[in-house]
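Contents: one structure, followed by commentary.
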Protein chains: 4
Amino acid sequence: MSHNTFGKMLRLTTWGESHGEAIGCVLDGCPPNIELSIDEIQSYLDKRKPGQSKYTTQRKEDDKIEILSGTIKSNSGNHLTTGTPISLLIKNKDQRSRDYGEINDKFRPGHADFTYIKKYGLRDYRGGGRSSARETAMRVAGGAIARKIIPDIRIRAALVQMGPHEINRNNWDWDLINKNPFFCPDPEIIDTWEEYLQKIRKDGDSTGAIIEVIAENVPSGLGEPIYGKLDQEIASGMMSINAVKAVEIGAGFKTASMTGSQNADQIVINDGNVEFLSNNAGGILGGISTGQDIIVRFAVKPTSSILKPVKTIDINEKETEISTRGRHDPCVGIRAVPIGEAMLALTLADNFIRNRGQIG
Amino acid sequence: MSHNTFGKMLRLTTWGESHGEAIGCVLDGCPPNIELSIDEIQSYLDKRKPGQSKYTTQRKEDDKIEILSGTIKSNSGNHLTTGTPISLLIKNKDQRSRDYGEINDKFRPGHADFTYIKKYGLRDYRGGGRSSARETAMRVAGGAIARKIIPDIRIRAALVQMGPHEINRNNWDWDLINKNPFFCPDPEIIDTWEEYLQKIRKDGDSTGAIIEVIAENVPSGLGEPIYGKLDQEIASGMMSINAVKAVEIGAGFKTASMTGSQNADQIVINDGNVEFLSNNAGGILGGISTGQDIIVRFAVKPTSSILKPVKTIDINEKETEISTRGRHDPCVGIRAVPIGEAMLALTLADNFIRNRGQIG
Amino acid sequence: MSHNTFGKMLRLTTWGESHGEAIGCVLDGCPPNIELSIDEIQSYLDKRKPGQSKYTTQRKEDDKIEILSGTIKSNSGNHLTTGTPISLLIKNKDQRSRDYGEINDKFRPGHADFTYIKKYGLRDYRGGGRSSARETAMRVAGGAIARKIIPDIRIRAALVQMGPHEINRNNWDWDLINKNPFFCPDPEIIDTWEEYLQKIRKDGDSTGAIIEVIAENVPSGLGEPIYGKLDQEIASGMMSINAVKAVEIGAGFKTASMTGSQNADQIVINDGNVEFLSNNAGGILGGISTGQDIIVRFAVKPTSSILKPVKTIDINEKETEISTRGRHDPCVGIRAVPIGEAMLALTLADNFIRNRGQIG
Amino acid sequence: MSHNTFGKMLRLTTWGESHGEAIGCVLDGCPPNIELSIDEIQSYLDKRKPGQSKYTTQRKEDDKIEILSGTIKSNSGNHLTTGTPISLLIKNKDQRSRDYGEINDKFRPGHADFTYIKKYGLRDYRGGGRSSARETAMRVAGGAIARKIIPDIRIRAALVQMGPHEINRNNWDWDLINKNPFFCPDPEIIDTWEEYLQKIRKDGDSTGAIIEVIAENVPSGLGEPIYGKLDQEIASGMMSINAVKAVEIGAGFKTASMTGSQNADQIVINDGNVEFLSNNAGGILGGISTGQDIIVRFAVKPTSSILKPVKTIDINEKETEISTRGRHDPCVGIRAVPIGEAMLALTLADNFIRNRGQIG
């Protein structure tokens, strides 16, 4: 039972609070003899980093990652894993905890403030402490290493809906993803999103979003029925991301209104290869990967820390209002894009390790 | 790592195949001194049992549950738990495996046939073997015991969408649930569902559905951040149910199109008690229960075994068609209603045990 | 956290009380495509079975094992594993619970009666309930299957000390083990043991013993540092056997009085192969198997249920004496021989599965 | 499955190599609202620290512990736990890896060099990397925190045998323990040990030892049958310590030569309290604590790195000799005394947390 650990054989244990000295993680179970480049890990972290555009929190953090254990020097001067636990650390820089004065005494609706007090009797109020999205930096770092364990699998994600504005899937362009501040794959919707987000910010408000994560070139046979289904572990991973309230695989909720014959991903032989005529299953049947792309979508609710005043109570259970100052993402879903990728990478690498010597 | 086990401190391990001699489970971690009535457990099983109405599979199974261990006789002649593992068993009766002749050699699209072969190199083709919904009987039995561990929490579920037909939530009537074959809470939609399902069946097809599960009177403080969030464990539980492809908590995917001020469940004091003005969070903030109702929805895809022929391949990777005869639910989502309840009961009881002496 | 489960990837969950209707287990994680013969499993159970000689309890149990799930029929009519959980069951026959009248109210010194009441507030007093050695039948059954997962490894055990009488290791003859009622490898000590045990029994007393278990042809590389050391998992397995109070690997406690140069298992090359000049390490260095024989010894304390009266208290904390009638082993260590083998087989098979595709 | 993690609800995950930049751990599951003093944690580390006397390695390490997460400031300026993971770190100072030149290419008999290469295909040869006793510093730090979770339980340990020289238990004086370099409780044997160790060191050799750990004031009811027995978890913890090859509870191996009536810890009522007339069970019956003192003994084999040349092979499987220079403990068992205490503290605190709200 490990509440701060994700994974079964590849295990990511994270630690650290938003406004503590540092955050870090231990990644245990990484196979030996894998070459890691600090620059490569850093490049994933940079995608999640705060302060990247005017649409994300202006907190200034380098998010500079250090590897403290688990590797020796490779011939090319990189890190070479040894099979022992990899300890990663990021020192916090811009902690500016003075911004959080008011939330010391009041509960932000929609935020974990209320429940942490209920559970623990106290909390680290500085920037949300452990419940802050800052923790997710370590997921991205762990995910970057997980990718090296399954180098043949390509994992990418995109924002597919911001507020009420959904992309047109026919416009999907993977190349666009890293060329706009929203990880948006549809060139035609970017302006709409930009305007919408400006307005939201001006209103002192925030917005929700939907992220889609896709893994290509997945071997069939990953996932363990009955209670270690790949769908389960993916859903668990995505639901562990801050502010996520929904997750679906493949056609997801749409399957409810389908008939069996519509939903059936029919199978043919094409050029000697097994081919599915659709992918409503999102690459998973009976909890086991089929070999098709794995497709996951999850919803991120709007940031709870907003300037717009809302009714709440204080720690003495007196009624009051709260208007949260400080540097917050108007759409925290944007920065969830690299996090969703990381969670899928960690889940697949974990399943891959479990199936070593067994499948494809 | 326990692929056939659900839960951390209250652990349900299920075993058995659809057409084997018996199915069963071991429920480990149940506290001592809890009185169990076989009739009460049976009453939950009867709700899930096949052959209950013309809308569920006509397989005839008594689903008569036996308790083989973990209890002594209570003063009133019931079972009294001793804290040791509870072994439950149901003998299979109506196995009629001749019905499954054709699927020995062909893969049903949408079914686990394909992936089991890919993973294990062989499978128990008789009625889907382990991937059959028959396994879920033991979840319902385990869930019935889980309820006795958390007697103050009330857990109920309903079918809220069948195919494209959604209920009107204003008509919600809990009393109706057990008085119609669909676990439907809306009197005005029953006829529509009935007609729709008749048509689907006549077409040799099947349909998907959405189930909503609600837990009332939940204490605040259940759930373990960061990677043992209550949302995670509920999502994992629901995703472990056969044919489930999506799950959401509270407002779920709708939060994506909300603003922060709309989504915020504002807090007031009413008659001296903390009261939330809405429940978009579905009773969970930061992975921890708030004390509000827990609200979960999940989608069940249409049954994959349909009479309507669909393209597929056989085990020699030759193209063919398949038309699945046999007794199948035209809407397997109906029987998922008591299963969803059971998974939530198991999840909450497990979390309750973990927090013994800490909360409430 | 699974208190009735042993193993990590190969997981044995046992259930059932000494005087309940049946005992059983679920073995989860067994690879598919392994052929199992009921007769072979039964042959191991028969070695542990009560009533085998006048030196073991006269309770009459067939211990007839049934396989309820996890297999299909192989071409030769045997069971073929499918990768799904294997459910095993033994119906209890000779429960004769009337023998246990007195221990309903009194605590047997050295027995779990006292602690079960302290922990659970109640207990199944009939024959010790769950704390009875009857549970170990399922370990032997599970161990028999575990052996088939690691067919190249040979696991055997012997009784090496009964009461104060130790064998002479120079006389060690494996062929003798199954030809005497004590699993004794030394022909010269059998008479001494026989006389000693007769006397012990006549006195209404019991005696302790030491068992040695040896695994040959073990691949190097099994075991996981730092906290999943092979020594740890073996020690944990042996300590889980009823009445075991001590365990050692290789030279064990003797290493305390050795010097480093004496203890060093020096390494040479013999005929092109790595060869160790001794095996004080018992085949494990740094928690990982070396490829040498694994050697484990454990002590079983004397049976706590004895006719000879000893001071104790009753459940009302009144002083009294107890003299336990009923059918008890005068040296429960004898029947621990096949159990020790089983625990080592389960531990090694579990480690083997974890290392699939990695070693050997 | 967590190979670098110890414990179930209180989980210590350690990381770091002997000659890396730092070593550290994450302690997850510590309850909130516990006050921690850095000085107090440091005081336990100082007992284990190298270079304390001429009888331990002369490596110079401050072993200065830092707390990086999991606490806020208490009113008295100490650390107050919040229920989130506690990250601890010690920077390595005196790494002097040049001393280890020769062992880059040769395997030290009795050391993990050989098995790490066999398992991982490579290793961090600098000072043994992860298999070095340096890792145990984090156990002592974790154990110091564990003690604060169970403040009523007193845990102490002593060296009871060095080489062939055993203490006289009648001389046992707890006050002496911290006043001599051996943690010896018997004033009359100190000179003998001193002479013996001088001789051993002069010979370029090393010696084994036996440590005894005792926990007083333990509540009854800790430990989980059947496979989470307190004996099991204690044995597992002790066997996880470097160089430990044997462990026993209470009378341990001596029970083998006892009769049942000798071994029975008879129970009487003394002054209204339950009293046992002996403690052969070492405070544990049926895997559950009785309330008596818990008594554990374990053997530490002689240090494998010795100056005295022994036969071995190099990484090219050529025969050679090795004579290990560098700074090594002639009796590594001495520094195992505080480690044994820490492992028992971690085990008991873990069990205490699991039983919150249930016992005592």
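The values are calculated or read from the model by the stated rules, or taken from the named source; none is laboratory data. All of these numbers come straight from a predicted model, not from anything done at the bench. Note that each Cβ is placed from the backbone with ideal geometry, even for glycine, and that neighbours are counted across all protein chains shown. Accessible surface is based on the protein model in full, side chains and every heavy atom, while ligands, DNA and RNA are left aside. Shrake-Rupley method; radii C 1.70, N 1.55, O 1.52, S 1.80 Å.
Odds and ends about this structure:
- Any hit, the stretch C:20-31, residues being closer than 29 Å to C:Arg201 by Cα, at pLDDT 95 or above and touching an Asp or Glu at 6+ places or on another chain (Cβ under 9 Å): yes
- Among the residues examined, B:Pro330 qualifies as more than 27 Å from B:Ala215 (Cα to Cα), open to solvent by less than 20 Å² (accessible area, probe 1.4 Å) and either polar (S, T, N, Q) or facing another protein chain (nearest Cβ under 10 Å) (or both).
- Hey, A:Ile226 touching a residue at least 40 places away in the same chain (Cβ under 8 Å), in a loop (DSSP other than H, G, I, E, B), among the hydrophobic types (A, V, I, L, M, F, W, C) and at the interface with chain B (Cβ under 7 Å from one of its Cβ atoms) or not: yes
- Test: residue in the stretch D:50-64 that is surrounded by fewer than 22 Cβ atoms within 10 Å (Cβ to Cβ), within 26 Å of A:Thr71 (Cβ to Cβ), more than 11 Å from chain A (Cβ to nearest Cβ) and at pLDDT 90 or above: yes
- Complete set of residues in the stretch C:99-150 that are more than 9 Å from chain D (Cβ to nearest Cβ), at negative phi, open to solvent by 10 Å² or more (accessible area, probe 1.4 Å) and not in a helix (DSSP H, G or I): C:Asp105, C:Lys106, C:Leu122, C:Arg123, C:Asp124, C:Tyr125, C:Ser132
- Restricting the stretch D:85-114 to residues that are of a type in the set (Ser, Thr, Tyr) and farther than 18 Å from D:Ile65 by Cβ leaves a set whose member that is modelled with the lowest pLDDT is D:Ser97.
- For the stretch A:317-327, residues that are crowded, with 22+ Cβ neighbours inside 10 Å and out of contact with any strand residue (DSSP E or B) (no Cβ under 6 Å at 6 or more places or on another chain) total 1.
- Applying the set (1) at pLDDT 95 or above; (2) open to solvent by 30 Å² or more (accessible area, probe 1.4 Å); (3) within 23 Å of D:Lys93 (Cβ to Cβ); (4) not hydroxyl-bearing (Ser, Thr, Tyr) to D:Glu35 leaves exactly one unmet item: (3).
- B:Gly250 vs. criteria among the small types (Gly, Ala, Ser), closer than 21 Å to B:Phe352 by Cβ, within 7 Å of chain A (Cβ to nearest Cβ) and surrounded by fewer than 24 Cβ atoms within 10 Å (Cβ to Cβ): no
- Residues in the stretch A:253-267 that are of a type in the set (Val, Ile, Thr) and open to solvent by 10 Å² or more (accessible area, probe 1.4 Å): 1 in all.
- Search result, residues across the stretch D:229-238 that are at the interface with chain C (Cβ under 7 Å from one of its Cβ atoms) and either part of a helix (DSSP H, G or I) or in contact with a Lys or Arg (Cβ under 8 Å, 6 or more places away or on another chain) (or both): D:Asp231, D:Gln232, D:Ala235, D:Ser236
- Residue match in the stretch A:20-32 (condition: within 14 Å of chain B (Cβ to nearest Cβ), among the aliphatic types (A, V, I, L, M) and out of contact with any helix residue (DSSP H, G or I) (no Cβ under 8 Å at 6 or more places or on another chain)): yes
- Test: residue in the stretch A:268-282 that is more than 15 Å from the chain's Cα centre (by Cα) and open to solvent by less than 10 Å² (accessible area, probe 1.4 Å): yes
- Residue match in the stretch D:137-160 (condition: farther than 30 Å from D:Cys30 by Cα and under 16 Å from the mean Cα position of the chain (by Cα)): yes
- Residue in the stretch A:202-221 that is among the hydrophobic types (A, V, I, L, M, F, W, C), surrounded by 22 or more Cβ atoms within 10 Å (Cβ to Cβ), within 14 Å of another protein chain (Cβ to nearest Cβ) and part of a loop (DSSP other than H, G, I, E, B) present: yes
- Where strands (runs of 3 or more DSSP E) fall entirely within the stretch C:282-360, those with at least 1 residues that are under 30 Å from C:Ile117 (Cα atoms) and without any contact (Cβ under 8 Å) to a residue 24 or more places away in the chain are at C:319-322.
- Residue in the stretch B:137-149 that is free of Cβ contacts under 8 Å to residues at least 40 places away in the same chain and farther than 16 Å from B:Glu194 by Cβ present: no
- Within the stretch D:22-32, considering residues that are out of contact with any His (no Cβ under 9 Å at 6 or more places or on another chain) and assigned to a loop (DSSP other than H, G, I, E, B), the one least open to solvent (accessible area, probe 1.4 Å): D:Cys30
Yes/no per residue for (1) farther than 30 Å from C:Asp191 by Cβ; (2) outside any helix (DSSP H, G or I):
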| position | (1), (2) |
| --- | --- |
| C:Glu40 | yes, no |
| C:Lys47 | no, no |
| C:Gln52 | no, yes |
| C:Thr56 | no, yes |
| C:Lys60 | no, yes |
| C:Glu66 | yes, yes |
| C:Ser69 | yes, yes |
| C:Gly83 | yes, yes |
| C:Ser87 | yes, yes |
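- Residue tally, condition of a type in the set (A, V, I, L, M, F, W, C), open to solvent by 10 Å² or more (accessible area, probe 1.4 Å), in contact (Cβ under 8 Å) with a residue 24 or more places away in the chain and out of contact with any helix residue (DSSP H, G or I) (no Cβ under 7 Å at 6 or more places or on another chain), over the stretch B:178-199: 1
- Of the candidates D:Thr312, D:Thr290, the single residue that is more than 23 Å from the chain's Cα centre (by Cα), facing chain C (nearest Cβ under 9 Å) and more than 30 Å from C:Val268 (Cα to Cα) is D:Thr290.
- Residue match in the stretch D:50-58 (condition: among the small types (Gly, Ala, Ser) and within 30 Å of C:Ile288 (Cβ to Cβ)): yes
- Of all the residues in the stretch D:6-21, those that are hydrophobic (A, V, I, L, M, F, W, C), buried (at least 24 other Cβ atoms within 10 Å of the Cβ) and farther than 14 Å from A:Asp28 by Cα number 1.
- Residues of the stretch A:190-200 include none that is within 18 Å of the chain's Cα centre (by Cα) and either at the interface with another protein chain (Cβ under 7 Å from one of its Cβ atoms) or farther than 30 Å from B:Lys202 by Cβ (or both).
- The number of residues in the stretch B:293-309 being more than 26 Å from B:Ile210 (Cβ to Cβ) and within 7 Å of chain A (Cβ to nearest Cβ) comes to 0.
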